[in-house]
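The values are calculated or read from the model by the stated rules, or taken from the named source; none is laboratory data. Given the structure is predicted, the values throughout are model-derived calculations rather than measurements. Cβ: placed from backbone, ideal geometry, glycine included. Neighbour counts: every protein chain shown. Heads up: the accessible areas ignore ligands, DNA and RNA and are worked out on the full protein's heavy atoms, side chains in. Shrake-Rupley method; radii C 1.70, N 1.55, O 1.52, S 1.80 Å.
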Amino acid sequence: MANGGKLDTTDIRILRELQKNSQLTVKELAEKVHLSPSPTFERQKRLEREGYITRYMAVVDAQKAGNGIMVLCNIRLKQHSEEMIQQFIDAVQDIDEITECFNTSGDYDFMIKVYARDMQAYQQFMQHTLGSISCLGSLHSVFVMAETKNTHGVAIP
């Protein structure tokens, strides 16, 4: 690793390759980054320890899993108290339909990404699940017509 805890070019190549395919064996990864397996393994483990790699997961096709629609919901809370913000954050943690939640600036306080089987299922989710969150003030739903890019990765300079 380069000076001061910054990533060097080999670390960056490792991260890029693992973002493309986290199931690479150490031997396959080593070949891709032009390093022998032992130092590749050590670098990968260090990147995990230092929090650059936070987890490995399978990316499931939402359509094939029975989730026909994706909805981005902009949320306003009833008020901006620390208690209500934390109440909302805590509430979304246990809701499986919500796959992502962002605290945002601007007209809305949060944006959530929701998958549902169909419009009827989303309506039920909105009324019964989101509707039960007492700190929620208003909701604006945006239905995604097509997903044109989703790499599930982050740009690594």
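Those residues that are open to solvent by 50 Å² or more (accessible area, probe 1.4 Å) and aliphatic (A, V, I, L, M), I need them from segment 131-143; list them, please.
Across segment 131-143, the qualifying residues are 139, 142.
Given the options 82, 48, 42, name the one that is without any contact (Cβ under 8 Å) to a residue 24 or more places away in the chain, among the charged types (D, E, K, R), more than 24 Å from residue 153 (Cβ to Cβ) and open to solvent by 40 Å² or more (accessible area, probe 1.4 Å).
After ruling out the rest, the residue left standing is 82.
Are any of the residues in segment 34-49 of a type in the set (Ser, Thr, Tyr) and under 23 Å from the mean Cα position of the chain (by Cα)?
Checked against the condition, which is being of a type in the set (Ser, Thr, Tyr) and under 23 Å from the mean Cα position of the chain (by Cα), segment 34-49 yields no hits at all.
So residue 92 ticks every box in (1) open to solvent by 50 Å² or more (accessible area, probe 1.4 Å); (2) touching a residue at least 12 places away in the same chain (Cβ under 8 Å); (3) not in a strand (DSSP E or B) but one. Which box is left unticked?
Just one mismatch for residue 92, condition (1).
Among 78, 113, which is the only one that is at pLDDT 95 or above and under 15 Å from the mean Cα position of the chain (by Cα)?
Exactly one residue qualifies, and that residue is 113.
Select from segment 97-116 the residues that are open to solvent by 40 Å² or more (accessible area, probe 1.4 Å) and in a loop (DSSP other than H, G, I, E, B) and write down the one among them that is nearest to residue 127 (Cα to Cα).
Here the residue is 97.
For residues in segment 51-64 being loosely packed, with under 15 Cβ neighbours inside 10 Å and touching a residue at least 24 places away in the same chain (Cβ under 8 Å), which is nearest to residue 107 (Cα to Cα)?
Residue satisfying both the conditions and the ranking: 59.
Can you spot a residue in segment 8-17 that is in a helix (DSSP H, G or I), touching a Pro at 6+ places or on another chain (Cβ under 7 Å) and open to solvent by less than 50 Å² (accessible area, probe 1.4 Å)?
There is no residue in segment 8-17 that is in a helix (DSSP H, G or I), touching a Pro at 6+ places or on another chain (Cβ under 7 Å) and open to solvent by less than 50 Å² (accessible area, probe 1.4 Å).
Would you confirm, using the coordinates I've provided, whether residue 155 is modelled with pLDDT under 95, of a type in the set (A, V, I, L, M, F, W, C), out of contact with any helix residue (DSSP H, G or I) (no Cβ under 6 Å at 6 or more places or on another chain) and not in a strand (DSSP E or B)?
Against the criterion (modelled with pLDDT under 95, of a type in the set (A, V, I, L, M, F, W, C), out of contact with any helix residue (DSSP H, G or I) (no Cβ under 6 Å at 6 or more places or on another chain) and not in a strand (DSSP E or B)), residue 155 qualifies.
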